[in-house]
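Below: one structure, written as structure tokens.
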Amino acid sequence: MKKIYALALGLFLVGCSTSEIEMPAVGLSNQSPATSQDDQIKSNQTAPETQTLTIGEQSFAVEIADTATERQQGLMYRESMPANQGMLFVWADEAPRNFWMKNTLIPLDMVWINAAREIVDIKAAEPCRVADCPTYEGQAPAMYVLELNQGVLDAEVGDRVEF
């Protein structure tokens, strides 16, 4: 009987040692000290939802960032972006919105948009590759924030955004 238990235990241990254990994709508690949160976000990118957004005569293909994870990732680590593309950050409510450019490699214009889909602020934001990045705050509460390549937008506060 002891041989059967020993054999069963041995087979169990061999089975465990040859199979891979999958670690959760999110959560710092399961990371080695050498793995940063930034590295984890960078490796968990998925194909984003996109839609067309129009401001005046300009149209942009924008990626939608409407979850906490997508908003946290933003445009980090991207080395370039076509002139007619951007990212639209979406929330369920209108509130003050602050952004920073940590690990963002391209200069952007940030466009705060209220629930009525009117531009309430526009700010130029510079790339930041250091730990202590400045924050950018809209001058009015926003339900959306649009990020575009710096200098491509021909619009001003009060203009309507269609999407």
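Read-outs: derived from the displayed coordinates by stated rules, not from any lab. Predicted model, so just to flag it, every value in this text is computed and none were measured. We place every Cβ from the backbone using ideal geometry, glycine too, and count neighbours over all the protein chains shown.
Inside the stretch 124-151, residues that are within 21 Å of the chain's Cα centre (by Cα) and closer than 22 Å to GLU79 by Cβ make up a count of 17.
I'd like the residue in the stretch 52-90 that is in a loop (DSSP other than H, G, I, E, B) and in contact with a Phe, Trp or Tyr (Cβ under 8 Å, 6 or more places away or on another chain) and, out of all such residues, is surrounded by the most Cβ atoms within 10 Å (Cβ to Cβ). Quick ask: steps written out before the conclusion?
Pass one, the stretch 52-90, residues in a loop (DSSP other than H, G, I, E, B): 56-57, 66-67, 74-84.
Among the residues that remain, those that are also in contact with a Phe, Trp or Tyr (Cβ under 8 Å, 6 or more places away or on another chain) are: 66, 74, 84.
Values: ASP66: 14, GLY74: 22, ASN84: 14.
Looking at residues that are in a loop (DSSP other than H, G, I, E, B) and in contact with a Phe, Trp or Tyr (Cβ under 8 Å, 6 or more places away or on another chain), I get GLY74.
Out of the residues in the stretch 91-101 that are of a type outside the set (Phe, Trp, Tyr) and crowded, with 18+ Cβ neighbours inside 10 Å, which is farthest from TYR144 (Cα to Cα)?
MET101
Taking the conditions (1) in a strand (DSSP E or B); (2) among the β-branched types (Val, Ile, Thr); (3) in contact (Cβ under 8 Å) with a residue 40 or more places away in the chain in turn, VAL120 satisfies each one other than (3). Number of residues in the stretch 107-139 that are loosely packed, with under 15 Cβ neighbours inside 10 Å and aliphatic (A, V, I, L, M): the value is 5.
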